[in-house]
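Asks: Would you mind keeping the following structure in view while I ask a few things?
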């Protein structure tokens, strides 16, 4: 059934890493397999944060050879960055298999991502000016502690707790999804898209890349394509209700905004809270109350509902 959550501060930055951790931990019962965060910080000038992995968590139990392979793969990535003229300002090892690089690069971002992902086992999770996308197996508290997210300050974020149904339990199939190669768009989704394969083939023919077989990844590619064609986020969300079949509630985050859409049947739950300086939303009210302990009024979006908020 999965759980999704999002928040946006309209009066500046806050400890969104801690807040998103608390919200997603409250939704743990909706999805115990994996947890993911898309967090938006202060954009660096001419800088990008690249989050990538070179193996899956479960791979690390396969003996000595995989540990050496991970080291070799990272070294290969480093060499490819250097060959493309990428300046690595700093780098950090979040886990043995997942890394955070702060880079400067004024070339073709798609070419850069493709070149990295040509390395065996490598996947670029995000390459954002403001976005950092983190996801792994385990509940929110586990992933947040593992990646040091509680100190993260920013303006907005979205997150997801996943119960695997039709795809594997691995990082590749976990939400959120980055809309490759558009650097500051991320999506989380609860539901099922029934025309996924038809639409996926359409986008693949246009040259878009899919890293998983999870239908939710389509929403990230779909949104990024529409925005790249000049649509507003609100336009794209409204269009999705007509063009995407199935039952869904989904959240989209961009560099400076947060939006939601519900399908015509409104079968997947969503609860909203809004004040002058904060908007919070989640699959269940208990997630919002995890960060707002005082009495609050919430409401449920209607069918075909689309809303967009600015940071």
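Asks: Tell me which residues, restricted to the range 99-113, are within 14 Å of residue 78 (Cα to Cα) and touching a residue at least 60 places away in the same chain (Cβ under 8 Å).
Replies: 113, the sole residue that qualifies.
The rows are residues; the columns are (1) within 20 Å of the chain's Cα centre (by Cα); (2) assigned to a strand (DSSP E or B); (3) in contact (Cβ under 8 Å) with a residue 40 or more places away in the chain.
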| position | (1), (2), (3) |
| --- | --- |
| 217 | yes, no, yes |
| 235 | no, no, no |
| 273 | no, yes, no |
| 297 | no, no, no |
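Here's the yes/no breakdown for (1) surrounded by fewer than 16 Cβ atoms within 10 Å (Cβ to Cβ); (2) over 27 Å from residue 209 (Cβ atoms):
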position	(1), (2)
29	yes, yes
78	yes, no
100	no, no
105	no, no
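Asks: Please go through the range 119-153 and pick out each residue that is in a strand (DSSP E or B) and closer than 19 Å to residue 103 by Cα.
Replies: Matches in the range 119-153: 123, 124, 125, 126, 127, 128, 131, 132, 133, 134.
Asks: While we're looking at this one, here's another question. Listed residues 159, 191, 207; which is modelled with pLDDT of 95 or more and either surrounded by 22 or more Cβ atoms within 10 Å (Cβ to Cβ) or more than 17 Å from the chain's Cα centre (by Cα) (or both)?
Replies: Residue meeting the stated conditions: 159.
Asks: Given the structure, is residue 261 within 30 Å of residue 119 (Cβ to Cβ) and either buried (at least 22 other Cβ atoms within 10 Å of the Cβ) or touching a strand residue (DSSP E or B) at 6+ places or on another chain (Cβ under 7 Å) (or both)?
Replies: Values: within 30 Å of residue 119 (Cβ to Cβ): no; either buried (at least 22 other Cβ atoms within 10 Å of the Cβ) or touching a strand residue (DSSP E or B) at 6+ places or on another chain (Cβ under 7 Å) (or both): yes.
No: the conditions fail for residue 261.
Residues are listed down the side, and each one gets a yes or a no for (1) assigned by TED's automatic domain parsing to the domain that holds residue 254; (2) more than 30 Å from residue 285 (Cβ to Cβ); (3) within 18 Å of the chain's Cα centre (by Cα):
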{"residue": "22", "(1), (2), (3)": "yes, no, yes"}
{"residue": "33", "(1), (2), (3)": "yes, no, yes"}
{"residue": "52", "(1), (2), (3)": "no, yes, yes"}
{"residue": "58", "(1), (2), (3)": "no, yes, no"}
{"residue": "80", "(1), (2), (3)": "no, yes, no"}
{"residue": "116", "(1), (2), (3)": "no, yes, no"}
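Asks: Filter the range 118-146 down to the residues that are more than 15 Å from the chain's Cα centre (by Cα) and outside the structural domain of residue 49 (by TED's automatic domain parsing), then identify the one that is surrounded by the most Cβ atoms within 10 Å (Cβ to Cβ).
Replies: Step by step, filter the range 118-146, then rank; the result is 139.
Asks: Please state which one of 247, 252, 279, 221 is in contact with a helix residue (DSSP H, G or I) (Cβ under 7 Å, 6 or more places away or on another chain) and part of a strand (DSSP E or B).
Replies: Only one candidate passes the filter, namely 252.
Asks: Which one of the conditions (1) within 22 Å of residue 157 (Cα to Cα); (2) assigned to a loop (DSSP other than H, G, I, E, B) does residue 264 fail to meet, given that it meets all the rest?
Replies: (1)
Asks: I'd like to know if the range 188-202 contains one or more residues that are in contact (Cβ under 8 Å) with a residue 12 or more places away in the chain, in a loop (DSSP other than H, G, I, E, B) and over 25 Å from residue 30 (Cα atoms).
Replies: no
Asks: Among the numbered criteria (1) modelled with pLDDT under 95; (2) out of contact with any strand residue (DSSP E or B) (no Cβ under 9 Å at 6 or more places or on another chain); (3) outside any loop (DSSP other than H, G, I, E, B), which one does residue 112 miss?
Replies: Every listed condition holds for residue 112 apart from (2).
Asks: Can I ask one more? Tell me, yes or no, whether the range 59-82 has at least one residue that is in contact with a strand residue (DSSP E or B) (Cβ under 9 Å, 6 or more places away or on another chain) and under 30 Å from residue 259 (Cα atoms).
Replies: Checked against the condition, which is being in contact with a strand residue (DSSP E or B) (Cβ under 9 Å, 6 or more places away or on another chain) and under 30 Å from residue 259 (Cα atoms), the range 59-82 yields no hits at all.
Asks: Take the residues of the range 49-76 that are in a loop (DSSP other than H, G, I, E, B) and at pLDDT below 95: which is surrounded by the most Cβ atoms within 10 Å (Cβ to Cβ)?
Replies: 55
The values are calculated or read from the model by the stated rules, or taken from the named source; none is laboratory data. Please read these numbers as outputs of a predicted model, since none were measured by experiment. Heads up, the Cβs are rebuilt from the backbone with ideal geometry, glycines too, and the neighbour counts pull from every protein chain shown.
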